[in-house]
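Written out below as structure tokens is the structure these notes cover.
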Amino acid sequence: MTHALGESDWGDWLPRAIENADPETVALWYLGCNGFAIKGSAGTVLWIDPYLGIGDPPRTTRMIPVPFDPTDVTVGDALFITHEHSDHAHGPSQAPILANTDAELIAPDDSVAVAEEEAWADDWDVSTDQFTAITEGDTLRVGEFAVDVVPVNDPDATHPVGYVIEHDSGTIFHGGDTKPTDSFADIGDAYDIDLGILAFGSAGTIPDKETREPKHTKWYSDETEIVDAASALEIDRLLPTHWDMWKGLTADPTALYPHVRSFDHPRRLEIVEIGDRVDL
């Protein structure tokens, strides 16, 4: 089944680690692909793009473990989606989290449309009242976090957005699957971004979605593009994502070290694996 929920052999240790954590500032757990759980010092928990599916083998074949079962998640105040692609807006991964926590689903219109068209409210204990559509320029408050919705550049998506997440302890940027764009210079001037999350990967040849014939594919920023984006955003710590996920499109994030060396930003490369925690 395309993008079916994967079975985890990790047990519930990661959801329990998030639930029991008491960070002094803000803690982030990398969920693989482009997913994160974020918990603030006052206990507010945000989820961004959690994806626990297996992909669409052999076109997209998951290369990393499924870190938990979404029914084991018990804490969450909001679940953010960056765009409508199946590894970002995914009912089997996300609807159980919404059902267990009563978190608000916050997403651009085309991602909310996925939840509505796939009838998340019919298949899980979820209400459409939990769905909030946002767009670039919107500002919202979730507990201790202020979140600004900003424009990004993902030409493969119909309505992608990025999120600037501000906390007393620092500022996080999550760009979804963005590539560089002119708006990043303005975002870099407007915010002091401590930790920037940007997708990184290689080009590869994978089966076409319709014909299944081999097709040259490049979905994520390469070494030059991710550093150009991080430099324009004036990111202090760059955390590359998505490099671990799809067979044929994976990359080595340590290859970024010589690329960032001569730039003022990013000042530090933050390389994490699925399940790792980082703190602001």
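Each value in this text was obtained by applying a stated rule to the coordinates, not by laboratory testing. Remember, predicted model here, so these are calculated numbers, not experimental data. Methodologically, a virtual Cβ is constructed for each residue, glycine included, from the backbone with ideal geometry; neighbour enumeration extends over all protein chains shown.
Scan segment 106-125 and tell me whether some residue there is of a type outside the set (Asp, Glu) and under 24 Å from Val26 (Cα atoms). The answer is yes; a qualifying residue exists.
The residues on offer are Leu52, Leu5, and the sole one that is crowded, with 20+ Cβ neighbours inside 10 Å and either hydrophobic (A, V, I, L, M, F, W, C) or more than 18 Å from Gly275 (Cβ to Cβ) (or both) is Leu52.
Of the helices (runs of 4 or more DSSP H) entirely within segment 116-233, those holding at least 2 residues that are free of Cβ contacts under 8 Å to residues at least 12 places away in the same chain occupy 120-123, 183-190. Collect the residues in segment 229-274 that are among the aromatic types (Phe, Trp, Tyr) and touching a helix residue (DSSP H, G or I) at 6+ places or on another chain (Cβ under 8 Å), keeping them in residue-number order. Selection gives Trp243, Phe263.
One residue alone among Thr211, Thr181, Thr205 is surrounded by fewer than 24 Cβ atoms within 10 Å (Cβ to Cβ), of a type outside the set (Asp, Glu), over 24 Å from Pro50 (Cα atoms) and touching a Pro at 6+ places or on another chain (Cβ under 6 Å), and that residue is Thr205.
Val260 meets each of the listed conditions (1) free of Cβ contacts under 8 Å to residues at least 12 places away in the same chain; (2) in contact with a Pro (Cβ under 8 Å, 6 or more places away or on another chain); (3) more than 26 Å from His85 (Cα to Cα) apart from (1). Look at (1) out of contact with any strand residue (DSSP E or B) (no Cβ under 9 Å at 6 or more places or on another chain); (2) surrounded by 18 or more Cβ atoms within 10 Å (Cβ to Cβ) and you find that His174 fails only one, number (1). The set of residues in segment 53-102 being within 27 Å of Glu144 (Cα to Cα) and aliphatic (A, V, I, L, M) consists of Val73, Val75, Ala78, Leu79, Ile81, Ala89, Ala95, Ile97, Leu98, Ala99. Considering only residues in segment 250-268 that are in a loop (DSSP other than H, G, I, E, B) and among the basic types (Lys, Arg), the one that is surrounded by the most Cβ atoms within 10 Å (Cβ to Cβ) turns out to be Arg267. Consider segment 234-248 and keep the residues that are over 24 Å from Gly53 (Cβ atoms) and not in a loop (DSSP other than H, G, I, E, B). The one that is farthest from the chain's Cα centre (by Cα) is Arg237.
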